[in-house]
Amino acid sequence: MPYGYNGKILHVNLTSGELTVEEPPESFYRQYLGGSALNMHYLLTQMPAHADPLGPDNILALSVGVTTGAPVSGQSRMTSTAKSPLTGAIGDAQCGGFFPAEMKFAGFDAFIIKGRSPQPVYLWVNDGQYELRDASHLWGKITGEVEAILHEELGDKNIEVAQIGPAGETMVRYAAIINMSNRANGRTGMGAVMGSKNLKAVVVRGKKGKKKFTVANKQAIIDMARYGAKIIPESDVAGLGKYGTAETTGSQQVVGGLPSYNFNSGVFDEWEAIDGTTMYDTILRGADVDKQDLRGRDTCYSCTVRCKRVVEITEGPYKVDPHYGGPEYETTSTFGNYCGVGDLAAVAYANQVCNQYGMDTISCGATIAWAMECFENGKITTDDTGGIELKFGNAEAMVTMTEMIARGEGFGQLLGLGSAAAAEAIGRGTEEYLITSHKQEAPAHMPQLKSSLGVIYATNPFGADHQSSEHDAAYEKDFDSYAERLKVLDLTQPQPKRSLTPEKIRYAVQTQYIYSAMDSVNVCQFVYGPTWQLFHVDQLRDLIEYVTGWDITVPEIMTVGERRLNMLRAFNAREGIDREQDKLPEKMFKKALKGGRSDGLKVDRAQFEAALDEYYRQNEWDIETGIPTRHKLEALDLGWVAEMLKI
Amino acid sequence: MKINVTLHGILRDYLPRPAKGKTTLTLPDGARVAEVVQQLNITRSVSAAVNGEEAELDRVLQDDDQLQLFQLIGGG
């Protein structure tokens, strides 16, 4: 076994039941590092153009990266990639937890899954052995029940299960793949793809593999892990660890950047009811006896940050089982401020439903918020909703609608298509209220304030995404906390607030390459990154070297990120998707925000369009079409992709 | 003058745990937000709100103001 990775990829044909192992050379791993870039290699080489996202021709690729499983923070991540049934374009989503490390120990770096099984099955991979097993008895069951049955059936409580819930089975277009019953490959409907293939779960165990796992420089990894544990209390991620990502709710509110009432306002009066510190004080497990640091925080394999929430509510209408975790900032936002709901128990309950049934909390909450705005404006009525008063602030309606989507009931079935498809089906001008880019609902950061993030929302090949570049504030004047880190990337000229200068675009593009690389090597974006994260990009380089023994450089890592971005973009080009689809929601241009510090703000269309030109120019893509050029693809060793696109 | 201070998120840890981030400070007239930050020995980058509205660190405080402090993180 090479250092860090297995050198083995398992190909699964669900139609024929055939399973085969490929052993790519070292150069393949260095070219892609794993994760999303590796997945894209298979989607571009093995999937026909214009495949039905929910048909057997779609390929679902699940892969870890070259550093996954090393005993250091932030490495246990797995990327799922397929054509998205939500967007019709490329889909891509990452998860953490213990599944990714266990998958590595089980003996494989990736599972490339094709076809459609005639009946429900699960893939069982145990220390290099693999088989498809009947999953008829698991079909229709929620995640926690499936985990319990599989623990019993396989006689091992240390197996890791990545599965779909009932929402994946019924192909809710934003169904997620869930592991540990509380970690998600959330976005772009990867769970629906899995459901369309009749694949209920992927189960991994690597008892022997864990013992055999070796890295090139063990002492350096130990030192790095110790260093991370030492610096975390004073680091910028200390708060995310202790109070969770919802700790940031207040700092968003104060600048008017907390998307509320379906993005009509940047402030929410009840924000304190749903923020991370309130969660810590009230519903985190152990809060009643002041032991929540011990009992209310969970982690991923070998990570010191411990940012995951464990919520327990035993009384009232919204009981929450700690097995299903607790909400992140994105979730408190979409079910909370997006919907005008200041009821933390209701938000935590909706989060639980999503984890039980397997749904993306962002798209689910945001789709309900969109429906609420339609309802408030008379475009949707109780005739549509089955009598539910789907108004902003109605916590009960928000929860009921979440359950109806999860179970495919009534109006919930329509909302399970995602807001863009639902708007198309309903008509009546409901598209006016959409907050989608590439048909994916926007996460809880506002382009009205974060202007370069708006460009990323619009252009990102898998739709609006907040984890594909560094946000604006870190490179704006009057904020120099990260000057030293950004200097390493030659980013030394902070720009005015809300600007979209060529230099601001350069910041977005360069940090996008880093984030793109991180989704390939598969590391956590709270632990590694260009500014506020625990470790800097230089330490990501160190990590890869310590694990693999490769004398790698930061520019080489960034090139992998750029390569992956171009592959995603090329996939979309092959599907006929180009600059025409690189848009922000119309309401962000037309409707000024109301209230708070961001009152009156909207996105300037002329500035935005000029920034798009600059973005394509800096990426060396065709400015008219936004499609990668042959010159650029060849420079990235992707000449074969240019051939495929006939450009 | 008296200023009611609420520290959010990790900034709460600059006060004893039972305080849950809340304290009242007595400051001389003309004191600014930055002096509160200094007095509480907060070493992190912060953003501030006075009476619910974003405020700069050189903002002069008034008696009975509600001051909220947040850790300033540049990213998402």
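A short reminder: the numbers here are calculations on the coordinates, not readings from a lab. Model, not experiment: these values are computed from the prediction. All Cβ positions, even for glycine, are placed from backbone atoms using ideal geometry, and neighbour counts span all protein chains on display.
For this structure, a couple of remarks:
- Cα lying deepest toward the dipole's positive end in chain A, options A:329, A:316, A:525, charges on Cβ: A:525
- Check: the range B:2-71 dipole with +1 on Lys, Arg Cβ and -1 on Asp, Glu Cβ, in debye: 460
- The dipole here belongs to the protein assembly as shown: it is taken about the Cα centre, uses +1 on the Cβ of Lys and Arg and -1 on the Cβ of Asp and Glu, and is about 1260 debye.
- Taking other C-beta atoms within 10 angstrom as a stand-in for reagent exposure, B:40, A:417 fall in the order B:40, A:417, fewest first.
- Placing pseudo-labels 7 Å out from each Cα toward the beta carbon at residue B:57 and residue A:377 gives an inter-label distance of 4.2 nm.
- Remark: for residue pairs A:8/A:211; A:497/A:594; A:487/A:587, the C-alpha separation exceeds 26 Å in A:487/A:587.
- Extreme residue, positive dipole direction of the range A:219-441, given options A:241, A:420, A:227 (C-beta unit charges): A:227
- Over the range A:380-495, the ratio between the Cα radius of gyration and 2.2 N^0.38 Å evaluates to 1.44.
- A Förster radius of 25 Å combined with the Cβ-Cβ distance from residue A:477 to residue A:624 puts the calculated FRET efficiency at roughly 0.15.
- For the cross-link pairs A:242/A:439; A:218/A:242; A:157/A:212; A:450/A:590, the ones whose C-alpha atoms lie over 24 Å apart are A:242/A:439; A:218/A:242.
- Ranking B:18, A:636, A:125 by Cα position along the charge dipole of the protein assembly as shown, where only Lys, Arg, Asp and Glu carry charges on their C-beta atoms, puts A:125 farthest toward the positive end.
- Placing a label point 7 Å from the Cα of residue A:315 along the Cα-to-Cβ direction, the residues of the range A:284-302 with a backbone N closer than 14 Å are A:288-289.
- Reachable lysines from residue A:646, criterion Cα separation under 26 angstrom, eight or more residues apart if same chain: A:83, A:114, A:583, A:632
- Exposure proxy ranking, count of Cβ atoms within 10 Å, fewest first, for A:50, B:8: A:50, B:8
- For the pair residue A:428 and residue A:30, label points projected 7 Å from Cα toward Cβ lie 6.0 nm apart.
- FRET efficiency for the pair residue A:269 and residue B:64, taken as 1/(1 + (r/R0)^6) with r the Cβ-Cβ distance and R0 = 25 Å, rounds to 0.75.
- When A:44, B:15, A:284 are sorted by how many other C-beta atoms sit within 10 angstrom of their C-beta, beginning with the fewest, the order is B:15, A:44, A:284.
- Where a label projected 7 Å from the Cα of residue A:15 along Cα→Cβ would reach, residues of the range A:114-129 with amide N under 18 Å: A:114-121
- Rounded to the nearest 20 debye, the dipole size of the range A:100-161 about its Cα centre is 320 debye, using +1 on the Cβ of Lys and Arg and -1 on the Cβ of Asp and Glu.
- Length gained on full extension, residue A:634 to residue A:23: 217.4 nm, using 0.36 nm per residue less the C-alpha separation.
- Contact order relative to length of chain A, as percent, for alpha carbon pairs under 8 angstrom and 6 or more apart: 15
- At 0.692 mPa s and 37 °C, Stokes D of the protein assembly as shown from Kirkwood alpha-carbon radius, µm² per second: 129
- Across all C-alpha atoms in the range B:2-71, the radius of gyration and Dmax reach 10.8, 30 Å.
- Label-point separation, residue A:551 to residue A:607 (7 Å along Cα→Cβ), nm: 4.7
- A Förster distance of 41 Å, applied to the separation of the beta-carbon atoms of residue B:22 and residue A:145, puts the FRET efficiency at 0.45.
- The alpha-carbon atoms of the range A:192-232, seen along their principal axes, cover 45, 28, 15 angstrom, with the largest extent given first.
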